[in-house]
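Sharing a structure below in structure tokens format, with a few things to ask.
The values are calculated or read from the model by the stated rules, or taken from the named source; none is laboratory data. Model, not experiment: these values are computed from the prediction. Side chains are part of the model used for accessible areas, which takes the heavy atoms of the whole protein and leaves out ligands, DNA and RNA. Shrake-Rupley method; radii C 1.70, N 1.55, O 1.52, S 1.80 Å.
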Amino acid sequence: MRRWLFVMTLIGWPALAVAQTWEAIHPDGARCAKGNPWHFWVHRGSSEKLLFYLQGGGACWLKANCDVAAQPTFDPSVDERDDPSRGGGILELDRPANPFRGWTVVFVPYCTGDVHLGGRSVGYDGVGMDH
């Protein structure tokens, strides 16, 4: 019986020690392409298993698809619509069939129009973008 309790404690301990919620992390000075504040989320789980999730989104490379006053092909801000707790599939971390259940997940939202590859400011016929 003692051995069984010891094994159950070892198996159950990581799950008990981990908060099962998404935490928003707001790095100082981080911003989206149009200057809106940017943040990401972490769902803490196993320290040995990490899923780094880059949110999809449209790229922009000219005025017609970068201009937020028109119809941009990317989401120019991070807001409640990007909150991963509203997501489905692999983001449903409480679902028993999810292969990433119990993992630490870092969810990186997308708001820069650069396919997560940018690092400079660009002007597209008068439309400024911070990729």
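Take 53, 124 and sort them by solvent-accessible surface of the protein heavy atoms, 1.4 Å probe, largest at the top.
Result of the area sort, largest leading: 53, 124.
With both bridge residues required to lie in region 19-131, what share of the DSSP beta bridges run antiparallel, to the nearest 5%?
In region 19-131, approximately 65 percent of DSSP beta bridges are antiparallel ones.
In addition: Once the whole set of protein chains is in place, how much accessible area is left on residue 90, using a 1.4 Å probe, in Å² to the nearest 10?
Near enough 60 Å² of accessible area.
Given a 1.4 angstrom probe, what's the average accessible area per residue across region 55-131, in square angstrom?
With all protein chains present, region 55-131 gives 54 Å² per residue.
With just the Cα atoms defining each centre, how far is region 90-126 from region 61-83? Give it in Å.
15
Sticking with this one: Under the rule a/c < 1.5 gives rounded, and otherwise a/b versus b/c splits prolate from oblate, where does region 55-104 land using the Cα gyration tensor?
prolate
Still on this structure: With every protein chain left in place and a probe of 1.4 Å, what is the accessible surface of residue 73, to the nearest 10 Å²?
Rounded to the nearest 10, the figure is 70 Å².
Send over the Kirkwood Rh of region 83-131, from the inverse of the averaged 1/r over different Cα pairs, rounded to one decimal Å.
13.5
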